[in-house]
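See structure below.
What follows is calculated from the coordinates using simple rules that are stated; it is not laboratory data. Every value quoted in this text rests on a predicted model; they were computed, and no experiment measured them. In this analysis, Cβ positions are derived from the backbone assuming ideal geometry, glycine residues included, and neighbour counts consider all displayed protein chains.
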Amino acid sequence: MARNLSTLVVDPNLDSRLDVSKTLTAAGLEILGEASYGTEATFLAAEIRPSVILLALEDPPARALATLEALQQQMPDTPVLTYSTSADAQLMRQAMRAGARDLLSKPLREAELREAIHTVLSQEEQRQVARWSEQSSASARGTVFTIAGAKGGIGKTAIATNLAIAIRALTRQEVALVDGDAQFGDVAVMMDMDVERSLADLARDEPDIDREVIRRYLRRHESGVNMLMAASEPNDWRAVQPEHISAMAQVLAETHEYVIIDTPGAMNEAVAASLNEAAIVFLVTSLDVSSVKDTKTALRILQSWAMPPSRVRLIINDNTRASAVSVADVERACDIKASLTIKYDSRVGVSVQTGKPLVLSEPRSRFARSVMELAEQVTGIAGHPASSKGMKSLQRLTVLGRRA
């Protein structure tokens, strides 16, 4: 070990403490302090912060075990080794459950004690490195957004496709768009892309989904968005199970900064899998009575699935010329404020039919600007100079698309 090793000896017997201290000194280890059981030990440990603690397992054993537990709760990263003259197996098991890293028998020997201390400290360092790696891996995971709705025909897919392109243009980072509607998905149509390999092919042909596998099923759109599309054959969708959705989302989040999943207009197990992976769920509704009624039901279903309300955002998409319901009516009926209201834009219909997302073909249209506003919200770039860069990027992509 490169660092200086310091120890705290916890033992109610003064003679025993002296013996242990002599052995530690002979082993070349520094003794920062000595204490008895209870608060004397916990207070001193907090003050001197030793590298390792040696604790006697002697009478009364309940007092020794209580002190061990208190030390582990107070300083979980500081290893505690116990030593005892007892060979009671039950006491040894209790000590291990209380957090002891090793159990030594008295009388202690220099070489054995030195090796035991170095071993537990090495194990602790490895444990901390592993924990740091896990935290780093988790923090490096991309953000998953799920676009959901209680019924079809409310503009979910138009929002999902345009949002993916807008985020890509705004951030210049890797974005994946997944058509999670395995049976009736229209992402490929709205992006004017042929389906060569689909989510259904991935689910049927690949027992293990990893980065290399999923890369073979992605197609890159002219905007730079990577797409995983729905099945083109009528019965292929049956291969897609909820576990495939979960695995796909997790793997894509390892290689993409943003993952957007478009879901079918329903609340089923596959949709639940998509929702569980999402940092934010965008629940889309239109301004008509039946859509609002179904959205209220969807919100109750999300509640029954223990979906935290903080992860749900309501998007109101006004996709008709004449709406009998107002935004205030929807918010009041659903008991949730809308994060975004997209006003009616007649160009959306043409965009859907031609496979040209409006953020590319008409970046200054009302719909495109609304989606860009949403992209700014979810990326945290709202009000930032980069937002104007995002619009310029969209305009450049538009020119490139027309040249193609």
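See the values below:
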| quantity | calculated |
| --- | --- |
| Cα gyration tensor category, rounded, prolate or oblate, for the chain with a/c compared to 1.5 | prolate |
| Calculated from backbone phi, Karplus (6.51, -1.76, 1.60) coupling profile of the stretch 285-296 in Hz, x at Gly/Pro | 9, 9, 8, 9, 4, 5, 5, 5, 4, 5, 5, 4 |
| Percent of beta bridges antiparallel (DSSP, the chain, rounded to nearest 5) | 5 |
| Relative contact order of the chain, pairs being alpha-carbon contacts under 8 Å that are 6 or more residues apart, as % | 15 |
| Contour excess over end-to-end distance, with Cα ends at Ala87 and Asp329 and 0.36 nm allotted per residue | 79.7 nm |
| Lysine pairs within the chain, Cα separation less than 28 Å, 8 or more sequence positions apart or different chains | 22 |
| For the stretch 10-34 and the stretch 141-159, distance of Cα centres in Å | 65 |
| Estimated 222 nm signal from helices in the chain, with DSSP H stretches of n ≥ 4 weighted -39500 (n - 2.57), rounded to 500 | -15500 deg cm²/dmol |
| Three-way shape call for the stretch 239-333 based on the alpha-carbon gyration tensor, with the a/c threshold at 1.5 | prolate |
| Derived scalar couplings ³J(HN,Hα) [the stretch 359-365; Karplus, 6.51 cos²θ - 1.76 cosθ + 1.60; whole Hz; x for Gly, Pro] | 5, 9, 7, 9, x, 9, 5 |
| Relative contact order for the stretch 6-136, counting Cα pairs under 8 Å that sit 6 or more residues apart, in percent | 23 |
| Selection of trypsin sites (Lys or Arg not before Pro), the stretch 192-233, meeting DSSP coil and at most 16 other Cβ within 10 Å | Arg197, Arg216 |
